[in-house]
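A short write-up of the structure that comes next.
Throughout, read-outs are computed from the coordinates displayed, never taken from laboratory work. Everything quoted here is computed from the prediction, not taken from an experiment. Here the Cβ positions follow ideal geometry from the backbone for every residue, glycine too, while neighbour counts run over all protein chains shown.
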């Protein structure tokens, strides 16, 4: 019998890692970023891409170490536009970002503020990496040997870096793979003066004039340039997998040079990788960047998309596909798409073929927050979370003024174990209605407004109240719709004009949700009170 073919990109990548790296006692998979500003949803794409591959490796029975590096020993180069206390931050330009104060006065540093925001929210989507803080690691001299190796091979590194540059961009003058933060003024306004061939480095600050000689095994102010730091850490951590954005993966880009430095200088086979593409926000052009201050965060997305649907956006999309996060009416379709995948996974909807079923189940599995529960999922209709159409849910929430518990009480078939996830979806839907839904989608029921209706309009509304409402509970939508058309005709009204009257009486607008269904959702008791007051 032929081996079952993997259909999801995370599983295909996991199998490639095992095939290329062999049978290892542990597989280190890495991600990381510089916390130079608010960490945005584009950065999250790398985090979750690694996490999905980590899950796939674990399901192959492998022991996996998932590390996330905070490159918080980088230079603070620019004040993002969305930061308060810009004047204070300006005074700390060229400092390591761990020595820049938190402008929000919450954490011990600017870097730590952005790290905490991410570390606190990732558990909501089931992501639990091991965090590595590079400032701490450099300051503890953990990379002394890595810096010594780079310095002893600096001409080789220079040759590698220049190999991808044209004549106008090759390194001019003496090249040093390291830089220094001045021990006196903290800025990186320094120049390397010499190296003794082992651990001794001399530098001078061009800003304050401080000059000193330090030992790499004891000092805290020396670090590698990022094009060398990256491959050095691949070797140090024995990294076997790390993706990168298409800017790093471009021909002759930083990944190409890092691969050579890793293998030719640090004697470690570079990690398996793939390229992931950018993410945008629908309606807003350009690439998000922490330094610019234009960002969409994971928290912003989770306010509208429940945790599983947020994961689904990434699990259901190949990493090298660019896509946008939508907050307009596309939200309805995205929830519908997720629900369709869920119904196929649990066998409520029939898949086109076995491959589609397997793929949809795998996407659904990887979309779940709890990794252990996802791996042990039992599929069957009775196991499926509770579903109602997202648009219908929005109507229920607006009828009940956002009261989630009241909406839950309207769902007679929901089981206790289904309620927590249903409530999360309700909260997301209510956030979307209040913050993003188009005006024509929003409504609230009126309770004390009287309208100046024409006589035949009043008569039609009175007949609706007296003739239709008593039969509402036991009558289906089709029959109610037919009754509405009959009332319009009887009172010499065009159906559209009569519907307009009903909408005006109920929500003060000229249009709203599909009327027959809308009436059934509101219920006869509440409708009677509203119509009594509006006539």
Report task. Please give the peptides 217-224, 61-68 ranked by average Cβ packing (other Cβ atoms within 10 Å per residue), highest first, as a rough proxy for protection. Result -> 217-224, 61-68
Query - Where the Cα pairs of the stretch 148-206 fall when distances are cut into 10 Å bins, in % - result: 21, 44, 30, 5
Query raised in the report: In percent, what relative contact order does the chain have, based on Cα pairs under 8 Å that are 6 or more apart in sequence?
Result: 12
Report summary line: Cα-based Rg/(2.2 N^0.38 Å) for the stretch 39-184, rounded to two decimals, is 1.29
Query raised in the report: With Rg and the Kirkwood Rh both taken from Cα atoms, where does Rg over Rh land for the stretch 455-534?
Result: 0.91
Report summary line: Packing-ranked peptide list from 36-49, 498-511, highest mean Cβ count within 10 angstrom first, is 36-49, 498-511
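Show me 229-236, 244-251, 140-147, 257-264 ranked by packing, highest mean number of other Cβ atoms within 10 Å first. It would help to have the intermediate numbers written out before the result.
Values: 229-236: 23.6, 244-251: 14.9, 140-147: 17.2, 257-264: 20.2.
Top of the packing list down: 229-236, 257-264, 140-147, 244-251.
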Query raised in the report: Given only helices, namely DSSP H runs of n ≥ 4 each adding -39500 (n - 2.57), what is the per-residue ellipticity at 222 nm of the chain, to the nearest 500 deg cm²/dmol?
Result: -13000 deg cm²/dmol
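Among bridges DSSP assigns within the chain, what percent are antiparallel (round to 5)?
DSSP beta bridges in the chain are roughly 45 percent antiparallel.
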Query raised in the report: What's the angle, to the nearest 10 degrees (0 to 90), between helix 524-534's Cα axis and the longest principal axis of the chain?
Result: 80
**Report entry** Between 0 and 90°, nearest 10: helix 390-399 axis offset from the chain longest Cα axis
**Finding:** 60
Query raised in the report: Once you put a point 7 Å from the Cα of residue 269 and another 7 Å from the Cα of residue 520, both along the Cβ direction, what distance in nm separates them?
Result: 6.2
Query raised in the report: In Å and whole numbers, how far do the C-alpha atoms of the stretch 198-335 stretch along each principal axis, longest first?
Result: 62, 39, 27
Report summary line: The FRET efficiency for residue 108 and residue 450, from their Cβ-Cβ distance with R0 = 41 Å and rounded to 0.05, is 0.10
Report summary line: Taking Cα atoms, the helix 495-507 axis meets the longest principal axis of the chain at an angle in degrees (rounded to 10) of 70
Query - Additional length obtainable on full extension of the chain from residue 340 to residue 207, 0.36 nm per residue less Cα span - result: 41.7 nm
**Report entry** the stretch 83-144-the stretch 362-430 distance, computed between alpha-carbon centres (Å)
**Finding:** 36
Report summary line: 1/(1 + (r/R0)^6) with r = Cβ-Cβ of residue 119 and residue 510, R0 = 60 Å, i.e. FRET efficiency to nearest 0.05, evaluates to 0.80
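Restricting things to Cα coordinates, could you compute the convex hull volume per residue of the stretch 390-441 in Å³?
Enclosed volume per residue, from the Cα hull, is 69 Å³.
So what is the diffusion coefficient of the stretch 186-229 in µm² per second by Stokes-Einstein at 37 °C and 0.692 mPa s, using a Kirkwood Rh over Cα pairs?
Translational diffusion coefficient: 295 µm²/s.
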Query - Computed FRET value (nearest 0.05) for residue 81 with residue 490, which takes r as the C-beta separation and R₀ as 35 Å - result: 0.05
